[in-house]
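What follows is a single structure, written as structure tokens, with notes after it.
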Amino acid sequence: MSAKRRVIILGGGIGGIEAAIALSRKAGVSLTLVDPNAVHVWKPALHEFAAGTLNFEENVFSFEKLSKKFKFNFIQGAPSSIDRQAKSVKLSDGQTLEYDYLIVSIGGRANDFGTPGAKENCLFLDNIHDAENLHTTFKEAIKQARQDNKPLSLAIIGCGATGVQLAAELCNAIDNTPDMGPEMRRKYLKPILIEAMGRVLPTFSETVSAEAEEELTKIGYDVMTNAMVSEIDATGIKLKDGRYIEASIRIWAAGVQASAATSIFKGLDLSRSGQIIVTPTLQSTKDPSILAIGDCARVETNPLPPTAQVARQQGRYAGYIAVPTLLNGKNPIPFDYTDRGAVVVLSHYNAWGMWPSKKDFGGRGLGAKFAHFIHEILYRQHQSDLTGIFHAGKAALLGKFKPYRPRLGSGSSGEDTAHSP
């Protein structure tokens, strides 16, 4: 009986877990997933975890339980070095894992573009730990603002989908906290959005951008466009044109670059933002035994946006097509990305969508409700892949009829926050 072929997946984000589920069904494969966290999360929901409007316990998925269900090995850890000649990965705890094929799915992080003071003085939203930290910081700051009877100054840098969705969800958290509400929010929160480009949501149409800015203004945000940040300190933000914006809480939500962990892949071609450059079959241009997917990968002939749907499709391709074909000694067909459009949801206030044709919808009436519906379906579809249709449907019904109520006021306790395992 021939020995099983060894496949290691580094990173259990959307792409990594999809690849793991697919490969777990492949006979003759010894599969190991490595991730520094104990749980998998749907990354597009991080802003809801940060605001405290999404129930933590019901919306994270234990890697240990998933590994038992899908029959793969799980190791909680992080890679520290790669020996490409020996085809081995050394983890930070000293373990060494050998592989025949390695799938790198270590995700991305916000790109501060080297802005002085950004790393030291801003909160980020790259993972569940960042979300928990942001939630705790925001909750305590709102409590202090009420005690001092002085509004909290909050600045979010970056008006792409992450920035504007976070902006709306933080307001929703206050609006739905018992003993608070919209009037108290307007009294105790002084928020601002800062965007270097000429409009918010620049990947959407100008119509959607204008409507979204109008909605954000209506919620209470001062929206600044064409505002280039030059420096950030402990009390505020300096713009390139010389203006200074005081902000007690500063959140960086602009740009995307690869995880810092791609730096361990010595000798591979990397993009300027640290992504591993791959061929149309998602194999590294310098090492065909290493594949990269999601935010940490850049297809050299056809770069794709760092989105959840790209990561999901690449993960399924790697697990169902690329690696099984390579294990059979053949060349896989190229990855073919299907653009299914995009949605952006400003909490319960409003929502928009964009078809693959780039035609937009939403902003009012049934169109906005449909965009909300698509946003929910995308998450529940992924949840169904992990837990099955029954459990995903049950979770959706519980969320519909028993919504999670955040607690940001003086009555909050540690039991109301999202704790990491």
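The values are calculated or read from the model by the stated rules, or taken from the named source; none is laboratory data. Please read all numbers here as calculations on a predicted model, not as lab measurements. Don't worry about glycine lacking a Cβ; one is built from the backbone with ideal geometry, like all the others, and counts go over all protein chains shown. For accessibility, only protein heavy atoms count, side chains too; no ligands or nucleic acids. Shrake-Rupley method; radii C 1.70, N 1.55, O 1.52, S 1.80 Å.
Residue-wise test of (1) open to solvent by 60 Å² or more (accessible area, probe 1.4 Å); (2) at positive phi; (3) not basic (Lys, Arg).
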residue: Glu183; (1), (2), (3): yes, no, yes
residue: Lys187; (1), (2), (3): yes, no, no
residue: Lys190; (1), (2), (3): yes, no, no
residue: Leu193; (1), (2), (3): no, no, yes
residue: Ala212; (1), (2), (3): no, no, yes
residue: Thr217; (1), (2), (3): yes, no, yes
residue: Ala234; (1), (2), (3): yes, no, yes
- Query: Picking from Ser271, Ser263, Ser248, which residue would you name as being farther than 15 Å from Ile157 by Cβ and either of a type in the set (Asp, Glu) or touching a Leu at 6+ places or on another chain (Cβ under 9 Å) (or both)?
  - Reply: Ser263
- Considering (1) at pLDDT 85 or above; (2) within 30 Å of Met184 (Cα to Cα); (3) open to solvent by less than 80 Å² (accessible area, probe 1.4 Å), say which one Ser412 fails and leave the rest. (1)
- Identify, please: which residue in the stretch 332-371 is over 22 Å from Cys159 (Cα atoms) and in contact with a Ser or Thr (Cβ under 8 Å, 6 or more places away or on another chain) and is, among those, surrounded by the most Cβ atoms within 10 Å (Cβ to Cβ)? Phe335
- Query: Is the stretch 372-380 home to any residue that is basic (Lys, Arg) and open to solvent by less than 50 Å² (accessible area, probe 1.4 Å)?
  - Reply: yes
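For every residue, the table says whether it meets (1) within 22 Å of Glu48 (Cα to Cα); (2) free of Cβ contacts under 8 Å to residues at least 60 places away in the same chain.
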position: Gln314; (1), (2): no, no
position: Tyr317; (1), (2): no, yes
position: Ala322; (1), (2): no, yes
position: Trp352; (1), (2): yes, no
position: Phe361; (1), (2): no, yes
position: Ala371; (1), (2): yes, yes
position: Gln381; (1), (2): yes, yes
- If you scan the stretch 101-125, which residues turn out to be buried (at least 17 other Cβ atoms within 10 Å of the Cβ) and assigned to a loop (DSSP other than H, G, I, E, B)? Ser105, Ile106, Gly107, Asn111, Asp112, Thr115, Gly117, Cys122, Phe124, Leu125
- Task: Those residues that are in contact (Cβ under 8 Å) with a residue 60 or more places away in the chain and either in a strand (DSSP E or B) or within 18 Å of the chain's Cα centre (by Cα) (or both), I need them from the stretch 89-100; list them, please.
- Result: Val89, Leu97, Glu98
